[in-house]
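The values are calculated or read from the model by the stated rules, or taken from the named source; none is laboratory data. These figures come from a predicted structure and were not determined experimentally. FYI the Cβ positions are ideal-geometry reconstructions off the backbone, even for glycines, and counts take in every protein chain you see.
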Amino acid sequence: MKKQKIFLTFLLAALMLTAAGCGNSDSSSKSESKPETGTSDAVAEDSSAPDAEPSEAVTEATEVTVSKAESASEAASAEEPESTKPQAASNTTYDVGEFSVFVPEGWNAIAVPDHIDSSKTATNDILMAKGAEYKEASGSWDYENGPYFYITLLGKEDFEKASSSRDYYVDQFGSVKDMEDMTAGSLTWHGFSVNPVGADVYMIWAEKGEGGFYSSISTAYGLSLQDEDVQKILSSLT
């Protein structure tokens, strides 16, 4: 089970980094990712994948994505910045820097290292984890015993790439399932799901200003888009 979670964690990092153009644009365009979850009752029929093999450009993009995901994984496992320690209790609102988010009962908002400079804390990324425990001895979080997912605020260029990534995932996984638009708070979320390892992974985004929020939620971790806590979290984003 732990190996499957590690694989899903790596896979979701690759998915999010690809969708967001690997986070190399403006100041609020650094992306990240891990799993999350979500099954939705409102899902359309599968889209058929093209018969042709992925293009050389897509293959190259995948290789770059994997490399970026490995770098992000290494950064996350390195010595954590001071601000990654516990700082948001349940039933409070946490200020990420570029946005704020509500932390439901039993959850933690965990700051993550900046993907360009791991000695700093990201101001546009947050890891939401349920039942996480901070280990003083190792100076790190243990969050693999419960559901967790990342939320990223992207700048204009990366948000445009992320929100138009559907065809890429069709090429990579053969098909995707489109979801009906979902309103949570003041935001309207769009997206689709892929099923790479026997569990649906929802790639969702919502406009905010010139850019927007992006997240991925995996059903392998016992969550769904309609989960009460997930709805509270998504509805609170400002």
>> I'm trying to understand the selection: among the residues of region 174-215, which are among the aromatic types (Phe, Trp, Tyr) and either under 16 Å from SER235 (Cβ atoms) or more than 14 Å from the chain's Cα centre (by Cα) (or both)?
In response: TRP189, TRP205, PHE213
> Got a number for residues in region 191-238 being under 16 Å from LYS161 (Cα atoms) and of a type in the set (S, T, N, Q)?
Replying inline: 2
>> I'm checking my understanding of the structure. Among residues of region 77-102 that are of a type in the set (Gly, Ala, Ser) and closer than 14 Å to ILE151 by Cβ, which one is modelled with the lowest pLDDT?
In response: ALA88
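Could you tell me which residue of region 120-146 is nearest to LEU234 (Cα to Cα), considering only residues that are of a type in the set (Ser, Thr, Tyr) and at pLDDT below 90?
Taking region 120-146 and keeping what is of a type in the set (Ser, Thr, Tyr), we get 121, 123, 134, 138, 140, 143.
This time we only want the ones that are at pLDDT below 90, so: 134, 138, 140, 143.
On the way: TYR134: 24, SER138: 31, SER140: 25, TYR143: 20 Å.
The qualifying residue nearest to LEU234 (Cα to Cα) is TYR143.
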> Among the residues of region 180-193, is any surrounded by 14 or more Cβ atoms within 10 Å (Cβ to Cβ), more than 25 Å from GLY106 (Cβ to Cβ), without any contact (Cβ under 8 Å) to a residue 40 or more places away in the chain and of a type in the set (A, V, I, L, M, F, W, C)?
Replying inline: yes
> For region 161-189, which residues satisfy the criterion of being in a loop (DSSP other than H, G, I, E, B) and modelled with pLDDT under 90?
Replying inline: GLY174, SER175
> With respect to the numbered conditions (1) surrounded by fewer than 21 Cβ atoms within 10 Å (Cβ to Cβ); (2) of a type in the set (Val, Ile, Thr); (3) not in a loop (DSSP other than H, G, I, E, B), which one is the sole condition not fulfilled by THR238?
Replying inline: (3)
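May I ask you to list the residues in region 225-238 that are in contact with a strand residue (DSSP E or B) (Cβ under 8 Å, 6 or more places away or on another chain) and closer than 14 Å to MET179 by Cα?
In the first step, residues of region 225-238 are kept if they are in contact with a strand residue (DSSP E or B) (Cβ under 8 Å, 6 or more places away or on another chain); the result is 225, 229-238.
Passing the criteria: only LEU225.
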>> Considering only region 149-160, I want to know if a residue exists there that is out of contact with any Asp or Glu (no Cβ under 8 Å at 6 or more places or on another chain), modelled with pLDDT under 95 and either of a type in the set (D, E, K, R) or surrounded by fewer than 18 Cβ atoms within 10 Å (Cβ to Cβ) (or both).
In response: no
